[in-house]
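To start, the structure itself, in structure tokens.
The values are calculated or read from the model by the stated rules, or taken from the named source; none is laboratory data. In this text, all values refer to a predicted model and were calculated from it rather than measured experimentally. Cβ coordinates were reconstructed from backbone atoms using ideal geometry, including for glycine residues, and neighbour counts include every protein chain displayed.
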Amino acid sequence: MRNTFICCLLLITGYAYAQTVSLPLGWKLKQQDNPEYKDVNIKDDDWLSATVPSGWTKLGINKERTIGWYRLSITLPDNLLNKDLIF
């Protein structure tokens, strides 16, 4: 009984603070792997514009090459700054 109560309490607490934020359009895609792509300041002007979710074949990309990086710039509302976020 005690385990059930703790589990329910955790679920209720998590639900009380949950917030869904829709991500905007404007995804970018680069079909290759380069560790430098993780840099937030990297120039992505030559990256493909991509709609997410979408298959690579709609973008004219060969399915056999399966490595790619997606990027999206977002601005968080003030109430989400300095919070733990799950994407």
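For (1) polar (S, T, N, Q); (2) farther than 25 Å from residue 76 by Cα; (3) more than 17 Å from the chain's Cα centre (by Cα); (4) at pLDDT below 85, each residue gets a yes or a no:
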{"position": "19", "(1), (2), (3), (4)": "yes, no, no, yes"}
{"position": "30", "(1), (2), (3), (4)": "no, no, no, no"}
{"position": "37", "(1), (2), (3), (4)": "no, no, no, no"}
{"position": "45", "(1), (2), (3), (4)": "no, no, yes, no"}
{"position": "49", "(1), (2), (3), (4)": "yes, no, no, no"}
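If only residues of segment 51-63 that are in a helix (DSSP H, G or I) and not hydrophobic (A, V, I, L, M, F, W, C) are counted, the one that is farthest from residue 75 (Cα to Cα) is 57.
Cβ separations smaller than 9 Å between residues 6+ apart or across chains give the following pairs from segment 26-46 residues that are in a loop (DSSP other than H, G, I, E, B) to residues that are loosely packed, with under 10 Cβ neighbours inside 10 Å and among the acidic types (Asp, Glu): 42/36.
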